[in-house]
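The next block holds one structure in the form of structure tokens; read it before the comments.
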Amino acid sequence: MTRRYDFLLLPQFSHLGLALATEPLFLANWLSDRKLYRWATASLDGAPVRTSSGQDVAVDIAADEIAETDGLFVLASFSPKKLSRDRRLLDLLRRHARHGMLIGGLETGSEALARAGLLDGYRAAIHWDNVDAFQEVFPRVSVSTRLFELDRNRITSAGAIANLDMMLHLIAAQHGSALADEIAQHLLRGPVREASEAQEPKTVGPDARIGQRLGEAVALMQDRLEEPLSCADIADRLGLSLRQLERNFS
């Protein structure tokens, strides 16, 4: 049986995230010499979608053309809060969910699923950078800091390389671990990681690197109380971007 998966791309999605989700499907077909999977990309209106890296990516279909699919995955990365409130998107997800199909959220694509109420009572893997904010907005979702989560007919990935691990897990479940291992070896991935592996850096408390940076920044400020340094100057002295410095203090 050939399975079909559809990937709904939201503006500023990660091109890397899409590649890591679809390339394993291609390799499953190629290495097995069978048509195990087919897939299509979609946007809400069928128009090209701009990635987080500024590329315009053409899609195969518009969202309302998605039909008879075995799984629908929403890909998002930056600015998910505004995008996840799009009524067309929420109605689409709820409509497909009524058919009981597999529905997934890759990286911040999970925000759209949660906004549609499709993760209430489910476990969801959330990127370590967004765990606290996500849990505050969606208290009915059981937030996980694992690489990915498959909970009944919902699947979520924390993003980036975890997308690859998630797809290898699906392939292993559907066609055996030998094929999944062969795909991983072809990609120079090494051993396939289990979903239970935690993300890094760990989300429980600040890690050592962040603590060190905070200490160095505080020391700089204390040394210059009479002539305070600007945030940009502190970041420059620590070898960080201003955004990195601000995130360490957030």
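The values are calculated or read from the model by the stated rules, or taken from the named source; none is laboratory data. Just so you know, these numbers come straight off a predicted model, no measurement behind them. Cβ coordinates were reconstructed from backbone atoms using ideal geometry, including for glycine residues, and neighbour counts include every protein chain displayed. Surface areas here come from the heavy atoms of the whole protein model, side chains and all, with no ligands, DNA or RNA. Shrake-Rupley method; radii C 1.70, N 1.55, O 1.52, S 1.80 Å.
Of the residues making up segment 105-117, just one is closer than 8 Å to S157 by Cβ, open to solvent by less than 10 Å² (accessible area, probe 1.4 Å) and in contact (Cβ under 8 Å) with a residue 60 or more places away in the chain, namely L106.
May I ask you to list the residues in segment 16-29 that are of a type outside the set (A, V, I, L, M) and either open to solvent by less than 70 Å² (accessible area, probe 1.4 Å) or in contact (Cβ under 8 Å) with a residue 60 or more places away in the chain (or both)? Break it down into steps so the answer makes sense when it comes.
From segment 16-29, those of a type outside the set (A, V, I, L, M) are 17, 22-24, 26, 29; that's our starting set.
Correct list: G17, T22, E23, P24, N29.
Taken across segment 64-76, residues that are surrounded by 21 or more Cβ atoms within 10 Å (Cβ to Cβ), at pLDDT below 95 and in contact with a Gly (Cβ under 8 Å, 6 or more places away or on another chain) do occur, with at least one present. Just one of the listed residues (D56, D151, D120, D129) is of a type in the set (D, E) and at pLDDT below 95, namely D129. Across segment 98-107, the number of residues qualifying as out of contact with any Gly (no Cβ under 6 Å at 6 or more places or on another chain) and modelled with pLDDT of 95 or more comes to 3. Of all residues assigned to segment 2-15, at least one qualifies as being touching a residue at least 24 places away in the same chain (Cβ under 8 Å), crowded, with 17+ Cβ neighbours inside 10 Å, among the basic types (K, R) and farther than 30 Å from A133 by Cα.
Are any residues in segment 47-63 part of a strand (DSSP E or B) and of a type in the set (S, T, Y), and if so, which ones?
Start the filter on segment 47-63 by keeping residues that are part of a strand (DSSP E or B), which leaves 49-51, 56-57, 61-62.
Scanning segment 47-63 gives a single hit, T51.
A quick yes/no check of all residues on (1) under 19 Å from the mean Cα position of the chain (by Cα); (2) closer than 19 Å to E149 by Cβ; (3) hydroxyl-bearing (S, T, Y):
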residue: F73; (1), (2), (3): yes, yes, no
residue: L83; (1), (2), (3): yes, no, no
residue: L93; (1), (2), (3): yes, yes, no
residue: R98; (1), (2), (3): no, no, no
residue: I103; (1), (2), (3): yes, yes, no
residue: S110; (1), (2), (3): yes, yes, yes
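Of everything listed in (1) part of a strand (DSSP E or B); (2) at pLDDT below 95, the single unmet condition for A42 is (2).
How many residues does segment 1-31 hold that are more than 14 Å from the chain's Cα centre (by Cα) and assigned to a strand (DSSP E or B)? Full working, then the answer.
The first filter runs over segment 1-31 and keeps only residues more than 14 Å from the chain's Cα centre (by Cα), leaving 1-6, 23-31.
Right, trim to assigned to a strand (DSSP E or B) and you get 3-6.
Here the count works out to 4.
Scanning segment 9-34 for residues being closer than 21 Å to T69 by Cα and touching a helix residue (DSSP H, G or I) at 6+ places or on another chain (Cβ under 6 Å) gives a total of 7. Just one residue in the set S79, S32, S43 is surrounded by 14 or more Cβ atoms within 10 Å (Cβ to Cβ), among the small types (G, A, S) and touching a residue at least 60 places away in the same chain (Cβ under 8 Å); that residue is S32. Among the residues of segment 156-179, those that are open to solvent by less than 40 Å² (accessible area, probe 1.4 Å), touching a residue at least 40 places away in the same chain (Cβ under 8 Å) and more than 14 Å from G17 (Cβ to Cβ) comprise L168, I171, L179.
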